[in-house]
Amino acid sequence: MLKDISLETLNHCAKCSTCTANCPVAKVNPDFPGPKAVGPDWLRLSLNAETKVDYPEGIEYCSNCKNCEIACPSGVPVASLNQLTRAEKLKKKGFRLREKLFANPRLLGRIAVNFAGLVNFFTKIKIFRLIGKTLFGISENISFPAYAHKSFSRWFGSYRQKVNKPKNKVVYFPGCFTEYNKPEVGEALVKILNRLNYEVIVPEFKCCGQPAIGNGRLDTAQEFAHFNLSQLKKYVKDGTPVLFSCPSCLLTFKEEYGGLLGIEEAREFVPYFYEAGEFLRGLQEIDKLLECEPIEGKYAYHEPCHLKASGVGTPGLELLNEVAVNKIVPLDAGCCGLSGSYGLKAEKEPITEAIGQNLKKAIDRHAPEALVTECGMCGVQLNNVSGLPVYHPLELLAEKITKES
Amino acid sequence: MYDLVVIGAGMSGLMAAGAGARRQKKVLVVAKGQGALSLSSGCIDFNPGLLEREEGSPYFKVREVVEESFNFFKYLVKRCGLNYVGSPSEQTRIFTTLGTVKNSCLVPESMFLENPDSYERIIAVGFKGYFDFSPKMFLYYAKKSGIFPGLKETEEVYFEPGVRTVNTTWLAQALTRGELKEKLIAFLKPYARPKTLMVFPAVLGDLPEDRLFKEVEEVLGVKVVELPGGFPSVPGQRLHKALVSSLKEMGVNFLFNAEVIGYKKNLRQVTSIKIKESGGRVREISGKAFVLATGSFWGKGLRANTEEICEPIFQSKVYLPRNFAEDFNFLASGIYTDEYLRPIKELENLYGAGSILANSNYLKNNSGLGLALATGYKAGLLALGDGEVRRNA
């Protein structure tokens, strides 16, 4: 686990409270003392055995959105420090069934994708949600992401890539959301890459581990990380780029593996990890494809917190703006509040709803026809608060770019 | 390839980016962490009288754009519903949470009090569990200040937000939401009479577009004023958010959570900067011109150790004030620049702006944010090769 928790790291914290001012949870929930209080402040006391106090109250409310880390002027890994403490506290208390389930979306996804119609139907029925709340502590009103009828890998397995020689290669990590909920995103990426003469390789992967981290199961996350890295080893050795369409998966591979989970060798992989839009934008050949039929309509863009945290900017937005007739409106409403499985827990539901109000306000103000965001779960929340359709930038691009073929 | 790459998202960096966006240029702002802007009181101090007395002040290089830049700033924040009052040629008097009087230049509309002598009653509104504002102390000093000659009556009142401890940003956000807002207004109603001034700590809404102070004014028929002070500073957060949102809407691209660690050059031009992202990945970003707006010590634009002070990205030459440790002289440290705000002779497309510039001590010239605003704007214009600006300089 994170190795460099020492007094020195903590002492970079100047107690300026910029992190707390930027915490979406502390803003709506008075029971969460904020990232500074449960993070650096508490750790300072507990590093010394004689002053060690009980686990900080309210730390369960941290959603690992990373806004504290992004805002910190002194480079303190506030969110990661909080994940460690939170995981320790949860482990001591004992995990509930829902934490175990949410920690690995593949468990449910693999089954649900075969009975998608049924599962999607039942997760909308009030009485089942009520039962879920009483028995498992699962939120009653927040929509579950709908499952697809065919997983991405099944589509990919039967899809014949059209690539001319000499071809280039990339590895793609689809992530659980693309795999089980929205395979269209992966399909879009594969088709765009094929047009650019890139062959796409999708090795067998496990979940990235972010849901496991979010549910306090750091051991599980580490196990996933080791498996995923071992699957990537031979490609990265040849210098093959690895692409991500999900910002949370990207951040987990880039930052959490080497940071929070303390896997030293993960750092060597980092130079090969790309956000999909970022990779496309970097290709010279893309310019020609962007001279396609323009994207019409009024879209608004939501920037996922984990995309912001991964330090790649908003390449998807920049690409879309090259093709869009009307400039895509940035919502700039901050965190969506759902934070993966966070908002699917009963006690977090009011928090998620309250944070989502900012999104709703911004959407109402701009009145777009549809919304765009890279993160699947942010998309669920965007749809929750607005009822509008939500697209991944790759979907909109692919529709225009791959039209002729 | 960007027309302009700005390093730093504080006041000066954002104004430089704004200058570019205004001319429909492709602009990128790279930033690591939130600096001093969001911690500020939200008031833009600017005092030409004091600046003129400061030897070698950057003020002398930006004088002719002050008016234009201040107007543009007001336009930018107004796009997000945040109004500022004042002009660079005059001082605006406001009150602080301590009841003391502070002179600033541009102030948020919610802090502006036009005719203090017309009020006969002051109601100082505190919040139970919120310790950054003491109505008692405010009234004690406000009465002594002599600013309210017609004052006949004061009262301190405490609203109960219904939680044990009050986090500033929670309070600011909660007061704008249905139930608590109505409770607050109902609580204040009995105190609403003519010629009444109600003062609050600056927590009336967390977002730039929240105009809770106006709502309270309209419903109760009293004058409402917010007082800066307290930590974290809600008006500082609003100001930062308004500028960033406004620039995003104008098409400026932002790259957060990335640290600039070096640069590449060709002949006498910076061609790209090297950035370090999360996880330690290093990559290059190329541009036609660059603005260095990384702030002073707090913003990490200047790094100090026991030996020296340095500017870590371009290694620009840094000015060390004499009697460094006395009387806050060290605050005047910063990078030297030529008349076009360029720190390094050999790098013709690099410009410096904001508190990283030498010979500006904000404690002494009372012009911190104002000077950052004007130098940022000018650096942006110069970086875009604005011919007229260059001739005037």
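Kindly evaluate B:Asn83 against the criterion of being in contact with a strand residue (DSSP E or B) (Cβ under 8 Å, 6 or more places away or on another chain), open to solvent by 40 Å² or more (accessible area, probe 1.4 Å) and at pLDDT 95 or above. The answer is yes for B:Asn83.
Applying the criterion of being out of contact with any Ser or Thr (no Cβ under 9 Å at 6 or more places or on another chain) and hydroxyl-bearing (Ser, Thr, Tyr) to the residues of the range A:255-306, the residue that is farthest from the other protein chains (Cβ to nearest Cβ) is A:Tyr299.
Does the range B:169-179 contain any residue that is in contact (Cβ under 8 Å) with a residue 24 or more places away in the chain and over 27 Å from B:Ser40 (Cα atoms)? For the range B:169-179, residues in contact (Cβ under 8 Å) with a residue 24 or more places away in the chain and over 27 Å from B:Ser40 (Cα atoms): absent. In summary, helices (runs of 4 or more DSSP H) completely within the range A:16-69 and bearing 3 or more residues that are more than 8 Å from chain B (Cβ to nearest Cβ) and surrounded by fewer than 22 Cβ atoms within 10 Å (Cβ to Cβ) occur at A:42-46. Could you tell me whether any residue of the range B:146-166 is away from every other protein chain (no Cβ under 14 Å), open to solvent by less than 30 Å² (accessible area, probe 1.4 Å), out of contact with any helix residue (DSSP H, G or I) (no Cβ under 7 Å at 6 or more places or on another chain) and farther than 30 Å from B:Glu68 by Cβ? No, because not a single residue in the range B:146-166 is away from every other protein chain (no Cβ under 14 Å), open to solvent by less than 30 Å² (accessible area, probe 1.4 Å), out of contact with any helix residue (DSSP H, G or I) (no Cβ under 7 Å at 6 or more places or on another chain) and farther than 30 Å from B:Glu68 by Cβ.
Checked against (1) within 30 Å of B:Leu382 (Cβ to Cβ); (2) touching a residue at least 60 places away in the same chain (Cβ under 8 Å); (3) within 14 Å of another protein chain (Cβ to nearest Cβ); (4) open to solvent by 30 Å² or more (accessible area, probe 1.4 Å), B:Arg211 passes all but a single condition, namely (1). Which one is most open to solvent (accessible area, probe 1.4 Å), of the residues in the range A:336-367 that are in a loop (DSSP other than H, G, I, E, B) and away from chain B (no Cβ under 13 Å)? Ranking the candidates gives A:Ala367 first.
Looking across the range A:314-331, the residues that are assigned to a loop (DSSP other than H, G, I, E, B) and either surrounded by fewer than 22 Cβ atoms within 10 Å (Cβ to Cβ) or free of Cβ contacts under 8 Å to residues at least 12 places away in the same chain (or both) come down to A:Val325, A:Asn326, A:Lys327. All of (1) in contact with a helix residue (DSSP H, G or I) (Cβ under 9 Å, 6 or more places away or on another chain); (2) part of a strand (DSSP E or B); (3) open to solvent by 10 Å² or more (accessible area, probe 1.4 Å) hold for B:Lys102 with one exception: (1).
Look through A:Leu250, A:Leu260, A:Leu243, A:Leu229 and report the one residue that is within 23 Å of A:Lys66 (Cβ to Cβ) and modelled with pLDDT under 95. Every option except A:Leu260 fails the conditions. When restricted to residues that are part of a loop (DSSP other than H, G, I, E, B), farther than 24 Å from A:Glu255 by Cα and either in contact (Cβ under 8 Å) with a residue 12 or more places away in the chain or hydrophobic (A, V, I, L, M, F, W, C) (or both), the range A:271-313 contains 9.
Exactly one residue among B:Ser40, B:Ser89 is closer than 27 Å to B:Leu4 by Cα, of a type in the set (Gly, Ala, Ser) and surrounded by fewer than 23 Cβ atoms within 10 Å (Cβ to Cβ), and that residue is B:Ser40. Note on the range B:258-302: among residues that are small (Gly, Ala, Ser) and surrounded by fewer than 18 Cβ atoms within 10 Å (Cβ to Cβ), the one that is farthest from the other protein chains (Cβ to nearest Cβ) is B:Gly262.
The values are calculated or read from the model by the stated rules, or taken from the named source; none is laboratory data. All values derive from a computational prediction rather than experimental measurement. All Cβ positions, glycine included, derive from the backbone under ideal geometry; neighbour counts span all protein chains shown. The area values use the complete protein model at the heavy-atom level, side chains included, leaving out ligands, DNA and RNA. Shrake-Rupley method; radii C 1.70, N 1.55, O 1.52, S 1.80 Å.
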